[in-house]
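Every read-out reported here was derived from the displayed coordinates using simple, explicitly stated rules and does not represent laboratory data. Just so it is clear, the structure is predicted and the values come from calculations on it, not from any experiment. Every residue, glycine among them, receives a Cβ derived from its backbone with ideal geometry; neighbour counts consider all protein chains shown.
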Amino acid sequence: MKNNRNQALIDKLTQLKKERNAVILAHNYQLGEVQDIADFVGDSLDLSRKAAKTSAEVIVFCGVLFMAETASILCPDKIVLLPEINAGCPLADMATVKKLKEEKKKHLNPYVICYVNSSAEVKAESDICCTSANAIKIVKKLNKTKEILFIPDQHLGHYVSSQLNKNLVLWHGYCPTHVRILPEDIIRLKAEHPQAKVMVHPECTPEVISLADEVQSTVGMCKFAKETEAPEIIVGTELGIIHRLRKENPEKRFFPATEQAICPDMKLITLKKVVWSLEKMQFQVKVPTEIANRARRAVDKMLELG
Ligand code: 13P
């Protein structure tokens, strides 16, 4: 019954996509039913690149608001749809322009590197963007004598700083989903599955990161899972990625570090809402031109370097 209903929705979506000349981009944390109908499933960097290159007139972004905003910044002439306008990112909300301006003053105008999980306004106040896939590469390439302020994720910032042995001024933001993954979760699973490799996202705490074999962005995890000979993998990130990992590696076993690692915002988008979104052409995400122009400099610089 459910399958029939889903098939009817998929048929409708196929028709709407053609009529609207639309492309569907989905983040690795989306529900399986959304990942399965997307044209591209990827991490933040992948999806920014896809948005920048697409010839489609409409981009349906199945992710959270900052991702749709990034697509709007890169493609100001396209219509960007977010199927659920309440899909936000608490980490992104932890950095505001007001607070950023205060910090800049305090640190005598530092060079600001801003994780892509941030609002368009905050990007516009930053010098360069990064994602979890390219943060190390980008910070390594920066030849700055002044202080570098890394916003808003303290754990990603700490990880980059430790890998490069470079001092970064860290913001106090964190992802509420990733901090639910605890060292004891990893220790318990490692004891139960001694052969398993552990891969975690750099938004995890340093204590969790120190127990991992691999620290990767979500696409980095998909790549590692394909390439490793390990038949079992413990996964320290949002649960949505397990769908893709199992689909692409049916012969391997994946163990989520904890069932608690669910991002409620990512889960707001459903297949039904994607169809509705294209039918009604809602919700349109359009970053105002002045902000988009300033934010684009930071995003373009990232795409150039990373
Ligand atoms: P990725 O860039 O690794 O997909 O991560 C994005 C994100 O929002 C992690 O919480």
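The longest part of the chain holding none of the exposed loop GluC sites (Glu not before Pro), meaning those outside H, G, I, E and B in DSSP with at most 16 other Cβ atoms within 10 Å, is 58-146.
Listed by chain and number, the lysines whose C-alpha is less than 19 Å from the C-alpha of Lys99, apart from same-chain residues fewer than 8 away, are Lys123. Centroid-to-centroid, using Cα positions, the stretch 153-230 and the stretch 233-306 are 18 Å apart. Taken about its Cα centre, the chain carries a charge dipole of about 680 debye when Lys and Arg each add +1 at the Cβ and Asp and Glu each add -1 at the Cβ. Report summary: the helix-based calculation at 222 nm, which adds -39500 (n - 2.57) for every DSSP H run with n ≥ 4 and divides by the residues of the chain, gives -13000 deg cm²/dmol. Which of the three applies to the stretch 30-189, rounded, prolate or oblate, going by the alpha-carbon gyration tensor with a ≥ b ≥ c and a/c under 1.5 meaning rounded? The shape class here is oblate. Residues whose amide H falls under 5 Å from that of Glu232, counting only those 5 or more places apart or on a different chain, are Lys197, Arg253, with hydrogens built in the peptide plane. Taking 13 Å as the cut-off, the amide N atoms of the stretch 77-113 that come nearer than this to a point 7 Å along the Cα-to-beta-carbon line of Leu305 belong to 111-113. Extent along the principal axes, Cα only, for the chain: 58, 54, 28 Å, with the longest axis given first. GNM on the chain, alpha-carbon springs under 10 angstrom: the most fluctuating residue among Asn143, Asn165, Asn86 is Asn143. Are any of the pairs Lys197/Lys247; Lys78/Lys141; Lys247/Lys301 more than 25 Å apart by Cα-Cα distance, and if so, which? Over 25 Å Cα-Cα: Lys78/Lys141; Lys247/Lys301.
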